[in-house]
Amino acid sequence: MIGKSMWSAAAAVAILASVSGTVAAGPYDDGQSKKYYETMKGKRVAFVPLSMGFDLTEGWNAALQNQAKALGYTVDVRDPNWNVEAAVQAVNGFIADKPDVLILHPLDQQAYNRLVPKAQKEGIYVVQVNLKSVVNGDAYVGTDWYDMGVRQAQLMAKTCGKAAGKNGKVAIVTGQAATPTVIIGNQGMDDVFAEHPDIKIVAKQSADFDPSKAQAVTSTILKQNPDLCGIIGIWDGQDTGVAAAVREAGMQDQVFFISQGGGNKAAACDNIANGNFDAYFSYDVPGQGRDLNAAVKILLQTKPKPGSAAFALYTPLKLITKDSLTASSCWTLDQLKRDGG
């Protein structure tokens with residue numbers, strides 16, 4: 001017969017066991033969750049951006065680091081600082097280290113053509129973000145640059161064309177010629193403008209993603225074309241220089257300026273609000289960060305043979321104008337560091 005004190009002790013143990021039963025039994029598994037977490041733990045992801053220190057790459061990295069911390073893997077970054085040769089060296093160094101996933105943001109469309117299959121032969125998954133080599137990796141996350149060119153050109157044709165009662169004179173200030181942003185985006189614009197003979201491209205010049213050069217180039221274009229109707233830009237980081245030249249010429253009311261970028265508040269929404277940009281196509285870095293993290297998780301869980309089943313997650317574009325501008329139209333890096341991923 002069990003004494004009263006012994007029964008009480010046994011009952012207490014039973015109650016504690018029922019309260020802490022989930023700990024004793026291990027984490028709950030819904031049939032996939034246990035494998036999901038175990039698959040991610042201890043993995044290594046490597047990231048070679050074209051450069052750190054600006055909103056796009058800092059935003060993606062914030063999202064990547066947040067997920068890595070939550071799921072127990074690591075993300076290592078090597079910064080080539082806009083130098084293609086240094087980027088190639090960084091990629092080769094990572095291939096030798098054999099991470100599980102290699103994320104690339106190639107400035108030059110041709111530079112990684114041999115490195116992508118080299119990494120895949122070593123059993124490394126390759127994800128390319130927003131800029132893409134000619135050679136596919138295992139996943140692409142980012143902008144459909146042809147669609148971007150089409151959307152910008154369509155808006156410009158609508159704004160500066162004959163139907164709007166305008167003269168159709170348009171300038172394009174592009175970036176470095178080897179990037180898919182320019183190569184593919186220009187094709188989209190060309191195809192649209194071929195259907196709009198009332199649009200005349202009076203200048204198409206590169207500013208090499210440099211805002212100071214963009215300002216000088218635009219200033220010359222405006223002097224040569226005082227009746228210019230519109231300008232298409234290639235990236236908000238460069239386009240601040242274009243906006244400065246338009247402002248200095250006193251032509252903000254005349255020249256319709258379309259920019260594009262990742263949708264950071266200071267680069268996008270603030271410039272829409274102050275009139276530097278008339279329209280802005282955002283490819284939404286927080287959304288890209290989540291897609292980038294999703295690509296990593298998909299590859300690590302499904303484990304295809306590297307190079308065997310490439311997929312793409314193209315980013316929906318969002319048009320921002322003064323009429324559509326809201327408090328949630330853009331993002332900040334502090335928000336992404338806190339909540340992104």
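Consider the stretch 284-337 and keep the residues that are of a type in the set (Ser, Thr, Tyr) and open to solvent by less than 60 Å² (accessible area, probe 1.4 Å). The one that is nearest to Ala266 (Cα to Cα) is Thr332. Considering only the stretch 93-111, I want to know if a residue exists there that is acidic (Asp, Glu), within 21 Å of the chain's Cα centre (by Cα), outside any helix (DSSP H, G or I) and under 26 Å from Tyr146 (Cβ atoms). The answer is yes, given that some residue of the stretch 93-111 is acidic (Asp, Glu), within 21 Å of the chain's Cα centre (by Cα), outside any helix (DSSP H, G or I) and under 26 Å from Tyr146 (Cβ atoms). Within the stretch 112-130, being assigned to a loop (DSSP other than H, G, I, E, B) and crowded, with 24+ Cβ neighbours inside 10 Å holds for Tyr112, Asn130. All conditions in (1) surrounded by fewer than 21 Cβ atoms within 10 Å (Cβ to Cβ); (2) in contact (Cβ under 8 Å) with a residue 40 or more places away in the chain hold for Ala177, with the sole exception of (2).
Just checking, how many residues over the stretch 27-52 are outside any helix (DSSP H, G or I), in contact (Cβ under 8 Å) with a residue 24 or more places away in the chain and surrounded by fewer than 21 Cβ atoms within 10 Å (Cβ to Cβ)? So the answer is 6. Has the stretch 251-265 got at least one residue that is out of contact with any Phe, Trp or Tyr (no Cβ under 7 Å at 6 or more places or on another chain), under 18 Å from Leu131 (Cβ atoms), modelled with pLDDT of 95 or more and open to solvent by 20 Å² or more (accessible area, probe 1.4 Å)? No: zero hits.
For the residues Gly161, Gly137, Gly188, the requirement of being surrounded by 18 or more Cβ atoms within 10 Å (Cβ to Cβ), more than 30 Å from Lys297 (Cα to Cα) and touching a helix residue (DSSP H, G or I) at 6+ places or on another chain (Cβ under 8 Å) singles out Gly188. Scanning the stretch 236-270 for residues that are out of contact with any helix residue (DSSP H, G or I) (no Cβ under 7 Å at 6 or more places or on another chain), under 19 Å from Leu317 (Cα atoms) and not charged (D, E, K, R) yields Ala266, Cys269.
The values are calculated or read from the model by the stated rules, or taken from the named source; none is laboratory data. All of these numbers come straight from a predicted model, not from anything done at the bench. Heads up, the Cβs are rebuilt from the backbone with ideal geometry, glycines too, and the neighbour counts pull from every protein chain shown. SASA here: full protein model, heavy atoms, side chains in, ligands and nucleic acids out. Shrake-Rupley method; radii C 1.70, N 1.55, O 1.52, S 1.80 Å.
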